[in-house]
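Engineer: This is the structure I want to talk about, given as structure tokens.
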Amino acid sequence: MKWLVLLAGLTVALAAAPRRPSARDFELEETENGFNIIAITDSSRILLGNIGRQISPQDDEVTFEITEGRDQASGGYKVTISWQGPSDRIFEDCYDFGNRQWYGGPEQKQQHWPIQKANLQKYSIISKEADNAAVSERYWVNSAGWYIYVHPEAPLFVDHHNILDNHICFVAEVTDPYSAKRTRNVLEYDLWFFDDAKQAHQHAVDTYLGKPSGIPDYRMIQYPVWSTWARYSREIDQENLWAFANEINDSGFPNAQFEIDDLWEICYGSLTVDERKLPNLRQLVQDIKGLGFRVTIWVHPFINKDCEPWYSEALSKGYFVLNEEGSPDTSWWNNNGSIPAYIDFTNPEAADWFSSRVQNLIDTYDIDSLKFDAGESSWSPQIPVQNGDIDLHPGHIVQAYVRTVAKFGPMIEVRSGMRTQDLPIFIRMVDKDTLWDFENGLATLVTTLLQMNLNGYTLVLPDMIGGNGYNEKPSKELFVRWLQANVFMPTLQYSFVPWDHDDEAVEICRRYTQLHAEFADEIVAVMQKSVESGAPVNPPIWWIDPTDEEALAVWDEFLLGERVLAAPVLEEGAVSRDIYLPRGAWRDGVTGELVAGPTWLRDYPAPLDVLPYFTLEDSN
């Protein structure tokens, strides 16, 4: 094995005598399985983890490099670790979770927070439909102020607790879903050390993640999106769309827009209206606009094989992603007995063809904007062939799709992301189920919000209030609690409606829809700060004090900027909850009382009509 260790600007052989410890230094200690990596300070030796676990020291085709240095501007200390070798080698580096809290990694269906609570078994870090991992970044940060950023060339998998108990392991292996045509394997990552998690995350934003280049549409922030999906599924037609728009209008609830979801096309991918269901869509759109709505429509990147002549046109022009055997055949949730293909957005001609057809739809029917669904790389035929560096596959398609559709303006929404944090558009959480728990239920509304923000996706559009209803319609209690949890997030989205329940539900929902609107200007101000600095729009509560051990573990509260703390009730049947307030003087939004933090408020009363929230008046 070729070893190169660059420590504090000096090149030394691995077998050299240990150096004397400095303010922060590193040492590699050979073990039976790889090397322990040890951080050395003036007062202690900290075992960080075990690296190089799958590599023999006698393997001359593998190169290992470790460099160490300080970033004077930020005060951060960096160690870069790089493994390179033939494509049949496996690189496996593990770091001890310890008793620290960890954040980051892929969006998940069972979204635990902090993430060391989750068990992941050699999990591919790509944007994929499995486990709701539509947003999948290679970034992890912990409560001690360390963070890890894995470079995009690595065919990366992550493991929690299986390879080594209480460890997070990073595995680079050239195997599915990565192409076997890669000529090498590489695992390279930067390990940074700061004084706390807030400093670390802000540095990661500046160095790797990026920040949004603008903010989405103001009316979408202020007032609810009304979607047809959960209420009607695919059973939409001219009559029930018009009836639904009138229901909303008669209710007196405000709106950002009326969203026509699946299924309005004559076949999937045609981008052509089914006139049997919608005989005069242009007139319907004008009528709905006459009620004070804007109108948006649902779009996806697939064409089913039975959707002619569009499928044959795209196939003949080379506009589909092909697998390595040359087939475009893949799958998605609307196969409907057919075999779909995924438009290849890494091909500029294919992307332009798709965009021109979408623009024609907008122009023909006077549509205001679009909901763009899917985009994950796993919908490609496997193993996909894409334009660009093979060592960056299969993530190209995600970026290319999202960047293509982002050109349609600030009212759009997408649901997938991979190194696209800079876009000034809403990114939607993947559908939530109509449940209370961590099986993709209400509990994960808050944890997913935190997860996305800590991955640099600060412009979050939560999915529909009450969930998607696939299992059952939401109860009154679940519906109300879901709305309350959503109030201090960037926007609201209804599909099931308050008047599905009773007058009390309508009144509670009206009050909290209005409360959200009253905070719209503050949400915009926080978004603008995110544009300027990359700060989360909805940070975890430890953002106020990243040294607070209690705050670092809290999963069921969140902030709006650095001034508002929301503590929604997420447990079925609960009429009270414990609330933790970090340091500062907090004004109770319900009672008006001033409370000094840090403190626990035990059994804070929260009957169904109460959303506990607080505003920070003094952070000292």
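The values are calculated or read from the model by the stated rules, or taken from the named source; none is laboratory data. Not measured: the values here are computed from a predicted model. As a convention, Cβ positions derive from the backbone with ideal geometry for all residues, glycine included, and neighbour counts pool all protein chains shown. Accessible surface is based on the protein model in full, side chains and every heavy atom, while ligands, DNA and RNA are left aside. Shrake-Rupley method; radii C 1.70, N 1.55, O 1.52, S 1.80 Å.
Engineer: Over the chain, give the accessible area per residue in Å² for a 1.4 Å probe, as an integer.
Structural biologist: Numbers: 22040 Å² over 620 residues.
Heavy-atom accessible area per residue stands at 36 Å².
Engineer: Work out how much length Ala585 to Arg100 would gain on full extension: take 0.36 nm times their residue separation and subtract the Cα-Cα distance, in nm to one decimal.
Structural biologist: Values: separation 485, 0.36 × 485 = 174.60 nm, distance 2.73 nm.
Length gained, Ala585 through Arg100: 171.9 nm.
Engineer: OK, next. With unit charges on the beta carbon (Lys/Arg positive, Asp/Glu negative), name the residue among Gly290, Ile66, Val158 whose Cα is farthest towards the positive pole of the charge dipole of the chain.
Structural biologist: Positive-most Cα among the choices belongs to Ile66.
Engineer: Mind scanning Lys198/Lys529; Lys109/Lys476; Lys109/Lys473; Lys289/Lys432 and naming the pairs with a C-alpha gap bigger than 22 Å? Don't skip to the answer; put the middle values down first.
Structural biologist: Values: Lys198/Lys529 15 Å; Lys109/Lys476 24 Å; Lys109/Lys473 19 Å; Lys289/Lys432 29 Å.
Exceeds cut-off: Lys109/Lys476; Lys289/Lys432.
Engineer: Which value in deg cm²/dmol, rounded to the nearest 500, describes the helix-derived mean residue ellipticity at 222 nm for the chain, given -39,500 (n - 2.57) per DSSP H run of n ≥ 4 and division by the residue count? Kindly include the intermediate steps, with their values, before the conclusion.
Structural biologist: Working: 13 runs with 134 residues, N = 620.
Mean residue ellipticity at 222 nm (helix-derived): -6500 deg cm²/dmol.
Engineer: Report the label-to-label distance for Lys289 and Asp42 in nanometres (one decimal), using points 7 Å from each Cα along the Cα→Cβ vector.
Structural biologist: 6.9
Engineer: Take peptides 602-615, 168-181, 554-567 and line them up by average Cβ neighbours within 10 Å, highest first, as a rough protection proxy. Could you put the intermediate results ahead of the total?
Structural biologist: Numbers: 602-615: 16.7, 168-181: 19.5, 554-567: 22.3.
My ranking of the peptides, most packed first, is 554-567, 168-181, 602-615.
Engineer: A further question follows. Probe radius 1.4 Å, ligands and nucleic acids ignored: give me the carbon and sulfur share of the accessible area of the chain as a rounded percent. Please report the intermediate quantities before stating the final value.
Structural biologist: Numbers: 10360 of 22040 Å².
Ligands and nucleic acids excluded, carbon and sulfur reach 47 percent.
Engineer: Also: Taking amide H positions as placed in the peptide plane 1.01 Å from N, state which residues far from Asn347 in sequence (5 or more) or on other chains have amide H under 5 Å from it.
Structural biologist: Correct list: empty.
Engineer: Whenever you get a sec, line up Arg100, Arg45 from highest to lowest accessible area (probe 1.4 Å, protein heavy atoms).
Structural biologist: Values: Arg100 40, Arg45 135 Å².
Largest accessible area first, the list is Arg45, Arg100.
Engineer: If the cut-off is a Cα-Cα distance under 29 Å, which lysines reach Lys181, setting aside same-chain residues fewer than 8 apart in sequence?
Structural biologist: Cα-Cα hits under 29 Å: Lys2, Lys122, Lys128, Lys305, Lys317.
Engineer: Step through the residues of the range 407-421 one at a time and calculate ³J(HN,Hα) from phi using the Karplus curve (6.51 cos²θ - 1.76 cosθ + 1.60, θ = phi - 60°), rounding each to whole Hz and writing x for Gly and Pro.
Structural biologist: With the stated coefficients, the range 407-421 comes to 5, 7, x, x, 8, 6, 9, 10, 10, 10, x, 7, 6, 10, 5 Hz.
Engineer: Once phi is turned into θ = phi - 60°, what whole-Hz ³J(HN,Hα) does the Karplus curve with 6.51, -1.76 and 1.60 give for every residue of the range 556-566, x standing for Gly and Pro?
Structural biologist: So the Karplus estimates, Gly and Pro as x, are 10, 9, 7, 10, 10, x, 10, 10, 10, 10, 10 Hz.
Engineer: Within the chain, which cysteines find no other Cys whose Cβ is under 4.7 angstrom from their own?
Structural biologist: For the chain, the answer is Cys509, because their Cβ atoms have no other cysteine Cβ under 4.7 Å.
Engineer: Could you tell me which of rounded, prolate or oblate describes the range 483-620, using a ≥ b ≥ c as the square roots of the eigenvalues of the alpha-carbon gyration tensor, with rounded for a/c under 1.5 and, failing that, prolate when a/b is larger than b/c and oblate otherwise?
Structural biologist: Note, shape of the range 483-620 comes out oblate.
Engineer: Right, here's the next one. What FRET efficiency comes out for Ser316 versus Glu617 if R0 is 60 angstrom and r is the Cβ-Cβ distance? Round to the nearest 0.05.
Structural biologist: With R0 = 60 Å, the Cβ-Cβ based efficiency is 0.40.
Engineer: Now, a different point. Hey, rough spin-label estimate for Asp363 and Ser327, points 7 angstrom out along Cα→Cβ, what's it come to in nanometres?
Structural biologist: 3.8
Engineer: Put a dot 7 Å past each Cα toward the Cβ at Gln58 and Asn387; how far apart are the dots in nm?
Structural biologist: Each label point is offset 7 Å from its Cα along the Cβ direction, giving 4.8 nm.
Engineer: Place a point 7 Å from the Cα of Ala596 along the Cα-to-Cβ direction; which residues of the range 528-566 have their backbone N under 16 Å from it?
Structural biologist: Answer for this model: none.
Engineer: Once amide H atoms are built 1.01 Å from N in the peptide plane, which residues 5 or more positions from Leu120, or in another chain, come under 5 Å H to H?
Structural biologist: Distant-sequence amide H within range of Leu120: His160.
Engineer: Rounded, prolate or oblate: which fits the range 44-131 when a ≥ b ≥ c are the square roots of the eigenvalues of the alpha-carbon gyration tensor, with rounded for a/c under 1.5 and prolate only if a/b beats b/c? Don't jump to the answer; show the numbers that get you there.
Structural biologist: Working: a/c = 1.85, a/b = 1.19, b/c = 1.56.
Judged from the Cα gyration tensor, the range 44-131 comes out oblate (a/c at least 1.5, b/c at or above a/b).
Engineer: Suppose every Lys and Arg Cβ carries +1 and every Asp and Glu Cβ carries -1, with no other charges. What dipole size does the range 33-96 come out with about its Cα centre, to the nearest 20 debye?
Structural biologist: Details: 5 positive and 11 negative charges, 51 e Å.
Its charge dipole is roughly 240 debye.
Engineer: Another question, then. Using the 2.2 N^0.38 Å rule of thumb for compact globular proteins, work out how the chain stacks up: its C-alpha Rg over that value, please. List each step's numbers first, then the result.
Structural biologist: Numbers: Rg = 25.4 Å, N = 620, 2.2 N^0.38 = 25.3 Å.
With N residues counted in the chain, Rg over 2.2 N^0.38 Å equals 1.00.
Engineer: Another question about this same structure. Would you grab the residues whose amide H sits under 5 Å from the one on Val564? Only those 5+ places off in sequence or on another chain, please, with H modelled 1.01 Å from N.
Structural biologist: Leu616
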